[in-house]
Amino acid sequence: QVQLVESGGGLVQPGGSLRLSCAASGIIFSINTMGWYRQAPGKQRDLVAHITSGRATNYANSVKGRFTISRDDGKNTVYLEMNSLKPEDTAVYYCNRANGPFVQWGQGTQVTVSP
């Protein structure tokens, strides 16, 4: 059974930092593209960043230069380092894995950026 478990969300002030983690089980982690998505209230779920098995990365324009995605295949974990956080980064952040037609999502972790 595939499981993706996110952690690291919370409340942070504007300009602050958070590091999200997503631990995967039930898959051959190293061959998957791993991604982070986010969904704000009343909005669609959008890609934040993804990292391929070859460690190629792609970022949404809104987070370029502030967020960094990385992966540790030995720990079956993908990370999202978020710096210079803004109120508009407030959302539920979801981990995602994709390997061809096989796609799974985590349960999400709330990130709130507020004074």
Rounded to two decimals, the Debye log10 I(q)/I(0) of region 1-56 (Cα scatterers, no solvent) at q = 0.23, 0.31 Å⁻¹ is -1.12, -1.26
What is the P(r) of the chain, as percent of Cα-Cα pairs per 10 Å bin from 0? 15, 50, 29, 6, 0
Straight-line reach from Lys64: which aspartates and glutamates have a Cα under 12 Å away, not including same-chain ones fewer than 8 places off? Glu81
How much accessible area per residue does region 1-85 have, counting only protein heavy atoms and a probe of 1.4 Å, in square angstrom? 51 Å²
Region 1-81: trypsin sites (Lys or Arg not before Pro) falling in loop per DSSP and having at most 12 other Cβ within 10 Å: Lys43, Arg55, Lys64, Lys75
In whole percent, the fraction of accessible protein surface over region 32-105 that belongs to carbon or sulfur atoms, probe radius 1.4 Å, stands at 47 percent
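What net charge is computed for the residues neighbouring Gly108, neighbours being all others with C-beta under 11 Å from the C-beta of Gly108, Lys and Arg scored +1, Asp and Glu -1?
Once all neighbours under 11 Å are counted, the net charge is +1.
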Charge tally for neighbours of Gly54 with beta carbon under 14 Å away, counting Lys, Arg as +1 and Asp, Glu as -1, is +1
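The values are calculated or read from the model by the stated rules, or taken from the named source; none is laboratory data. For clarity, every value in this text was computed on a predicted model and none was experimentally measured. Glycine gets a Cβ as well: all are built from the backbone with ideal geometry, and neighbour counts include every protein chain shown. Heavy atoms of the whole protein, side chains included, go into the accessibility calculation; ligands, DNA and RNA do not. Shrake-Rupley method; radii C 1.70, N 1.55, O 1.52, S 1.80 Å.
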